[in-house]
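J.: Sharing a structure with you now.
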Amino acid sequence: MTNETQKAEPVDIAEETLRTNFWLFLRAIRGAAARAPLWVTTWFVISLLALLVAAPWHGWFTEALANRLAPGEALRTLSENFRSDHARALGALDDHTSQTAVILIPISVLVGIFAAGGWLQVILERSRGRSVRRFFFGGARYFWRFLRMALLAFLVLALVQWVVYGLPWDALVLERWLGLSASDRNPLDALDTELQAARLTWLQDGLGTLGFLFVSAWATFSRTRLALHDTRSVLWASINSFFLMLRRPIKTLRPLFLLFVFELVMVTLLAGELTRAVDAGLGAEGGVEAREAYLRIGALLAIGSLSLMLRELLRGAKYVAAVRVSQEIIRKTHRPDPWRAIGGPGGPQYPVDDAEDEYGVSM
């Protein structure tokens, strides 16, 4: 082997590593898609929560419109007379929806926390089969740890929002940088052009979005570290994850950022355009027949359900990517890896599945 070949080989390995890490988000999506029972389960639970909000509206409209209007007459819009006659009932439905949302939104957050533990349990285990049972076991196993992590992430996110939209922004950007008076009702009116005010608002919102994405990625890697090392110290895991992301920002953040872009394109942009195209014919001037209108409503329901499915699938893909990155760059602990060995505390540890001797055990 020549010296030139020896010098070129590490460069090829590094380029291959970068290329592999770039496409990690696609492998993560494929890995999560292969575990269909998991994201179908979470989709079903979230859909049930949405049904609790929609059911009272459906029941009331079914009763209010029965034998009073011609079939399909109120399909596209509600007349001003109808809204006036039923103003009290519609207001009561609005209040009921608001009260229900106050309860269901925290429940949906708890479902996400539970799902995170379930995904990590299934991803980190080497066993196969009965994935839904192991999913629920993992959700219960890590729930309280991940709940504490969620509370910490909410506090950090509130701090980030205060920095970007609160006193630090007013003092550093408006007053010291631009020389504006932050005490004015609308200090941006003092700028020369509306374009400057718009750009400043875009900068503020962009920083807020980047802060939200960073905190979300940090919480994901913190949960992954807690499950990977089976530790209970949320604060220590979050500190280690923060400095890990600072040391290796590209390797840790790129897969999650690409997954976010994929979700933005597929769920927000593509599904949004499809929804607007299907909904365009349902207005008062749509001119579609009742049968076609019902088909369009069914299409809207299908688009919403598929979008929710994709979001739940990408939730799993996010943890698949975080586990792959963490297993590659996080320093191994001195104690036995709970996901690669079996044995009581202080006793012998037996490797799982991949042992080369007769002492290997199978899950």
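J.: Lys and Arg at +1, Asp and Glu at -1: add these up for the other residues within a Cβ distance under 12 Å of S241 and post the number.
T.: Local net charge: +4.
J.: Measure off, as a whole percent, the carbon and sulfur share of the 1.4 Å-probe accessible area of the stretch 100-227, all protein chains present.
T.: The value for the stretch 100-227 is 66 percent carbon and sulfur by accessible area.
J.: Given a Förster distance of 30 angstrom, what is the FRET efficiency for L147 paired with R27, based on the Cβ-Cβ distance and rounded to 0.05?
T.: 0.50
J.: Provide the FRET efficiency to the nearest 0.05 for the T275-R247 pair, computing r from the beta carbons and using R0 = 56 Å.
T.: Rounded to the nearest 0.05, the efficiency is 0.85.
J.: Calculate, in nm to one decimal, what L52 and S216 gain on full extension: separation in residues at 0.36 nm each, minus their alpha carbon distance.
T.: 56.2 nm
J.: May I ask you to derive the relative contact order of the stretch 149-243, considering only C-alpha pairs under 8 Å and at least 6 residues apart, and to give it as an integer percent?
T.: Answer for the stretch 149-243 is 31 percent.
J.: Once R0 is set to 22 Å, what does the formula 1/(1 + (r/R0)^6) return for the Cβ-Cβ distance between L155 and T100, expressed as a FRET efficiency to the nearest 0.05?
T.: So, using R0 = 22 Å, E works out to roughly 0.25.
J.: Here's something else I'd like to know. If you average the C-alpha positions of the stretch 130-145 and of the stretch 39-54 separately, how far apart do those two centres end up, in angstrom?
T.: 19
J.: Taking the Cα centre of the stretch 162-312 as origin, sum charge times position over the Cβ atoms of Lys and Arg (+1) and Asp and Glu (-1), and report the length of that vector in debye to the nearest 20.
T.: Charge dipole, the stretch 162-312, about its Cα centre: 1040 debye, nearest 20.
J.: Modelling each spin label as a point 7 Å along the Cα-to-Cβ direction, I'd like the F257/D85 distance in nm, to one decimal.
T.: Output for this residue pair reads 5.8 nm.
J.: Taking 0.36 nm per residue of sequence separation and subtracting the Cα-Cα distance, how much length would be gained by fully extending the chain between L282 and L172, in nm to one decimal?
T.: 34.7 nm
J.: Over the stretch 176-312, calculate the relative contact order: mean separation of alpha carbon pairs under 8 Å at least 6 apart, over the residue count, as a percent.
T.: Normalised by residue count, the contact order of the stretch 176-312 is 14 percent.
J.: Can you compute the label reach from I329? Point 7 Å from Cα along the Cβ direction, backbone N cut-off under 19 Å, restricted to the stretch 26-41.
T.: 26-29
The values are calculated or read from the model by the stated rules, or taken from the named source; none is laboratory data. Keep in mind that this is a model prediction, so the values were computed, not measured. As a convention, Cβ positions derive from the backbone with ideal geometry for all residues, glycine included, and neighbour counts pool all protein chains shown. Just the protein is used for accessible areas: all its heavy atoms, side chains included, with ligands, DNA and RNA removed. Shrake-Rupley method; radii C 1.70, N 1.55, O 1.52, S 1.80 Å.
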